[in-house]
Amino acid sequence: MTNDTQAANNAGKNDWLQSYWMPFTPNKAFKANPRINERAEGFYYHTSDGRKILDSFSGLWCCNLGHRHPKISEAMKAQIDELDYSNAFNFGHPKVFEMANVISAQFPGDLDHVFFVNSGSEAADTALKIAIAYQRLKGEGTRTRLIGRVNGYHGVGFGGISVGGMVNNRKFFGSLLPGVDHMTFPYDMGSQAFTRGEADIDVEPFMKELEGVIALHDASTIAAVIVEPFAGSGGVFVPPKNYMKRLREVTKKHGILLIVDEVISGFGRMGAPNAATYFGVEPDIVTIAKGINNGAVPMGAAIVRKEIYDTFMEAMPVGVEFFHGYTYSGHPLAAAAALATQQIFAEEGVYDHAKEMSAYFEEAAHSLKGEPHVIDIRNIGLAAGVTVETRAGAPGARGTDVFLKTYENDVAIRANGDNLAIAPILTMGKAEIDQTIEALRKGLRAAA
Ligand SMILES: Cc1ncc(COP(=O)(O)O)c(C=O)c1O
């Protein structure tokens, strides 16, 4: 903070905050009562008002190793002194090729070609474009429809919000992409509340419904189905047992590509390298971002099966095979941070630690059952969602209240409406999990 901004802040004016239009934030409320992180280290943020806040949301589902990991910082500093930027079109640099190999080795089957982008939103839109173009190149140009899911989140690009299913992210933005349909969300609070992990229920009704949607449009018009393995931004909702396996079978049977959005589930969140491995399912396309380089520099990717890549290569014998890309695709700084991050994951047993902690975390999260306002708790790996009862006529108000009261107890989580989400840093231990849950417990008790 400069002396001027500090002075303005001290005078209580907060004028210096006004120009910045903040994303997914109630700007007026924030600017009246700002939360400014000046510094971070390990599990903690250090704020402008001298507080030390436990980051129990891993940044925004992205700092899976905590903040300013020394090995990541070192790699980034070295990269800056070597190659700041390299033209992404028609030129390459060593680390981006290396990184593509490291990533493809972590995903099952022949998911081994990686298209780099700069965010989860770009990854989703890239995956949708690849799916439609692939079908066309294969001679199935009528397959242009996309199927998403109610309550799904695939970022904020027009593709992502079209296949996404969160009402506020869609309703302001016109008619969106044409030819999109949605499946039912496989979670019913009435029958599944307080489920631990995956619910043991019959998934066939969901598959029957999907078969109905496919029959309505005819499979020959459908390019792809896209889902999150567990819904993260929507509030941590976990699919029932066998859901992902059956989804794979149904899509395959109809020649429909399955895109799995692993922007949150990738890189250890489920106590496994990724959801594809966790569920034993091989999607056709996977999208990743966030944890890929610990949130240190924007980066994401769409990973495709060999057959998809080969189709593009063979269909276009000369020239550009896919008319798509971003100035910052595979940025050297992002790639350097990513290589360091992936090395730490591999060498320091981070995924195994996350798996070990997940049973303790489940127990801790579910200990909130019976606290005021709590009507549901869900969890998988190191992610948990807690839903509070909506205040009459004020959806989201109580969730925000609990979030703020938890923050007063020096712990940062996230509220999305009346769903509160916890995503501990993967290297946290029992003490930090306890601190998180106790702060949330106090928050629930203090909220009106
Ligand atoms: C499943 C999923 N897809 C896409 C995105 C969008 O990522 P970004 O904010 O990097 O565009 C998110 C962000 O939370 C996400 O959870």
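The values are calculated or read from the model by the stated rules, or taken from the named source; none is laboratory data. Worth saying up front: this structure is predicted, and the values here are computed from it rather than measured. Cβ: placed from backbone, ideal geometry, glycine included. Neighbour counts: every protein chain shown.
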**Study point:** Output for the range 366-419, where each listed residue is within 19 Å of the chain's Cα centre (by Cα), among the aliphatic types (A, V, I, L, M) and more than 24 Å from Asn168 (Cα to Cα)
**Key:** Ile380, Leu382
Review point. Given the structure, is Ala335 part of a helix (DSSP H, G or I), free of Cβ contacts under 8 Å to residues at least 24 places away in the same chain and over 17 Å from the mean Cα position of the chain (by Cα)?
Key: no
Point to revise | From Ile201, Ile264, residue being assigned to a loop (DSSP other than H, G, I, E, B), of a type in the set (A, V, I, L, M, F, W, C) and either crowded, with 21+ Cβ neighbours inside 10 Å or without any contact (Cβ under 8 Å) to a residue 24 or more places away in the chain (or both) | key: Ile264
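So that you can scan it fast, the table gives a plain yes or no per residue for (1) surrounded by fewer than 17 Cβ atoms within 10 Å (Cβ to Cβ); (2) in contact with a strand residue (DSSP E or B) (Cβ under 6 Å, 6 or more places away or on another chain); (3) under 30 Å from His69 (Cα atoms); (4) without any contact (Cβ under 8 Å) to a residue 60 or more places away in the chain:
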{"position": "Ala365", "(1), (2), (3), (4)": "no, yes, yes, no"}
{"position": "Gly393", "(1), (2), (3), (4)": "yes, no, no, yes"}
{"position": "Leu404", "(1), (2), (3), (4)": "yes, no, yes, yes"}
{"position": "Ala412", "(1), (2), (3), (4)": "no, yes, yes, no"}
{"position": "Ile422", "(1), (2), (3), (4)": "no, yes, yes, no"}
{"position": "Ile425", "(1), (2), (3), (4)": "no, no, yes, no"}
{"position": "Thr436", "(1), (2), (3), (4)": "no, yes, yes, no"}
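Among what's in the range 153-190 and is of a type in the set (D, E, K, R) and at pLDDT 95 or above, pick the residue that is nearest to the ligand (Cβ to nearest atom).
At the first step, the residues of the range 153-190 found to be of a type in the set (D, E, K, R) are 170-171, 181, 188.
Within this subset, residues satisfying the condition of being at pLDDT 95 or above are 170-171, 181.
Working: Arg170: 14, Lys171: 19, Asp181: 19 Å.
Checking each candidate, the answer is Arg170.
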Practice item. Determine which member of the set Phe267, Phe237 is more than 11 Å from the ligand (Cβ to nearest atom), within 20 Å of Thr427 (Cβ to Cβ) and assigned by TED's automatic domain parsing to the domain that holds Asp202. Key: Phe267
Check your understanding: Is it the case that Ile130 is in a helix (DSSP H, G or I), free of Cβ contacts under 8 Å to residues at least 24 places away in the same chain and within 16 Å of the ligand (Cβ to nearest atom)?
Key -> no
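Here is a yes/no grid of residues against (1) more than 16 Å from the ligand (Cβ to nearest atom); (2) assigned to a helix (DSSP H, G or I); (3) surrounded by 17 or more Cβ atoms within 10 Å (Cβ to Cβ):
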position: Leu65; (1), (2), (3): yes, no, yes
position: Asp84; (1), (2), (3): yes, no, no
position: Ala88; (1), (2), (3): yes, no, yes
position: Phe91; (1), (2), (3): yes, no, no
position: Phe97; (1), (2), (3): yes, yes, no
position: Ala100; (1), (2), (3): yes, yes, yes
position: Ala105; (1), (2), (3): yes, yes, no
position: Pro108; (1), (2), (3): yes, no, no
position: Val114; (1), (2), (3): yes, no, yes
